[in-house]
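Colleague: I have a structure here, written as structure tokens, and I will follow up with some questions on it.
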């Protein structure tokens, strides 16, 4: 037993040293992030959550901030839940009328089929809505499942906190202030992403389906992905309000799941809200923070 005491002491010492280094690294990372956001005329929420290896960090992580199109992730989950229960089928055809394809809104579906009167599978509409952030596709999905309350009820059933959805895309385009009623905290989002990744929100097949779509997201290439290695895998969903007549950006957002070179994962969410900065600066804030987090976690 006496011979084992030095070994126990060595293991204890190494463990304490590693813990102190982790605390120091987290403190340094937080300071670096704060350096990015200091003096910015905006409210910025940041949350990071490790999956396989415990790691948590947030700045303004509990603030309720407008999601904009990030809410399409939650909408897709609510739709896929109905696929899991058999009420919907990914291969079922959805008829889209010309009147469903509203003008003056971002809609790759409308650009491809300007006259409407087409049928797309449910899977195709989800892909348009999430990967390309199609606003008309979003509202078509909401109409299909019974509206925003269906999404709220589903997220409530999964104990999602600090999340509210009241309005669809059409309403947000009619009323600037409506976006503030569709809110989440960044802490809520990284926790939902982790639960989703671990198949605790929808079935594994639905998780795999949506993960593939998120990895293929084409919007917001100048946000979380911008400064990461080209080989980095990130499954993400963006959101953006544009500016109002007063030059205010309600939301410039991105959230996602990043796969590290060692195979571990983390969720990251950066929301830039009520910003007086330019679009380029808002997006650079997100990109700079994403790079700092990746560089800090990639070798841990």
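Colleague: With the crude spin-label approximation of a point 7 Å out along Cα→Cβ, what separation in nm comes out for residue 52 versus residue 85?
Modeller: For residue 52 paired with residue 85, the spin-label model returns 3.5 nm.
Colleague: Over the Cα atoms, compute the radius of gyration (one decimal) and Dmax (the largest Cα-Cα distance, rounded to a whole number) for the chain, in Å.
Modeller: For the chain, the Cα radius of gyration and maximum Cα-Cα distance read 20.8, 84 Å.
Colleague: Where the centroid of each part is defined by its Cα atoms, how far is the stretch 227-254 from the stretch 110-139 in Å?
Modeller: 21 Å
Colleague: Taking a quarter of the surface of the convex hull around the Cα atoms of the stretch 141-229, what do you get in nm²?
Modeller: Value for the stretch 141-229: 7.2 nm².
Colleague: Sticking with this structure for a sec: Express in nm, to one decimal, how much length is gained between residue 143 and residue 43 on full extension, taking 0.36 nm for each residue of separation and deducting their alpha carbon distance.
Modeller: Full-extension gain reported as 32.8 nm.
Colleague: Apply the a/c threshold of 1.5 to the C-alpha gyration tensor of the stretch 43-85 and tell me whether it is rounded, prolate or oblate.
Modeller: oblate
Colleague: Please say if the stretch 156-300 is rounded, prolate or oblate, where rounded means a/c under 1.5 for a ≥ b ≥ c the square roots of the C-alpha gyration tensor eigenvalues, and otherwise the choice is prolate for a/b larger than b/c and oblate otherwise?
Modeller: oblate
Colleague: Going 7 Å from the Cα of residue 264 along its beta-carbon direction, which residues of the stretch 199-230 have the amide nitrogen within less than 20 Å of the resulting point?
Modeller: Under 20 Å, as judged by backbone N against the label point of residue 264, lie 199, 228-229 of the stretch 199-230.
Colleague: Now, a different point. Mind giving me the nanometre distance, one decimal, between the label points for residue 123 and residue 198, set 7 Å out from Cα along Cα→Cβ?
Modeller: Here the modelled spin labels are 2.9 nm apart.
Colleague: Using the count of nearby Cβ atoms within 10 Å as a rough guide to exposure, how do 62, 39, 100, 254 rank from fewest to most?
Modeller: 39, 62, 100, 254
Since every read-out is calculated from the coordinates, none of them should be taken as a lab result. Just so we're clear, the structure is a prediction, and the values are computed from it rather than from any experiment. Quick reminder, even Gly has a Cβ in these numbers, built from the backbone with ideal geometry, and neighbours come from all protein chains shown.
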